[in-house]
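Please treat every number below as a calculation from the coordinates, not as lab data. As the structure is a computational prediction, the values presented were derived from the model and not from experiment. Using ideal geometry, Cβ is built from the backbone for each residue, glycine included, and neighbour counts are taken over all protein chains shown.
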Amino acid sequence: MAVLGRGEGHGGISILHALGAGYGATVSIELSTRVQLRDSPVKKEPKDTHGLLLAVVETWSEAGHPLPDSEELHWAVRSEIPIGRGLKSSAALAVACIQALCDATETTLENHQIVDIAADAQLAWGCSFTGSVDDSWAAVEPGWKVVDPNVPAAEGVLMEGLIEESQDWIILILDRGPRTIDPDPGRFQMHAGQF
């Protein structure tokens, strides 16, 4: 049982929601998801009820990148980010998996390329209406970015920065529990003026 590749992505907190405002902004936080891509089954298979892991592999291949030279691919996932709580766990997982695929295949990608693949995978999976481009930037780089999700990631960064003296910040996360209602794009657009 060999580890083929490793990757890591970070969580984030939305500052501006792309579905409501047309532009998105997310700040990166120090909660992470780490993955290992392996050539044989792991003791505890990750819960991937919606198929994001498969969507990442398919999107990676569709982008023209090689898969690892292995008959089987299995994921080991360790995450500090609660799932379905608005802390960008899907973007963190997608970015971590893409980095592991890069590691496993000795493929070098720029961060904007990682963001594009992560956004395409999240759209294909159905966990995002916009591709979560801002969330994927937060997963791959520290700081914050205001992005236009309608153009390639390399062209879509409108503003960016780091949080000054971030070591002095404490973020308190109150867990609302699992999401009980799926987001409705119509409601976001109906309230666009509030964004």
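Descriptive notes on the structure:
- Area projected by the alpha carbon convex hull of segment 1-103, averaged over all directions, nm²: 7.2 nm²
- Per-pair calculated FRET efficiency, R0 = 22 Å: Thr107 and Leu162 via Cβ, rounded to 0.05: 0.20
- The value of relative contact order for the chain, using C-alpha pairs under 8 Å at least six residues apart, is 28 percent.
- Length available on full extension from Trp169 to His50: 0.36 nm per residue minus the Cα-Cα distance, which gives 39.4 nm.
- Label-point separation, Asp39 to Glu71 (7 Å along Cα→Cβ), nm: 1.1 nm
- In this label model, Arg78 and Glu155 are separated by 4.1 nm, measuring between points 7 Å along each Cα→Cβ vector.
- DSSP loop trypsin sites (Lys or Arg not before Pro) with at most 12 other Cβ within 10 Å: longest gap in the chain: 48-175
- For segment 56-107, the equivalent ellipsoid derived from the alpha-carbon gyration tensor has semi-axes of 23, 12, 9 Å in decreasing order.
- Per residue, the convex hull spanned by the alpha carbons of segment 64-152 comes to 117 Å³.
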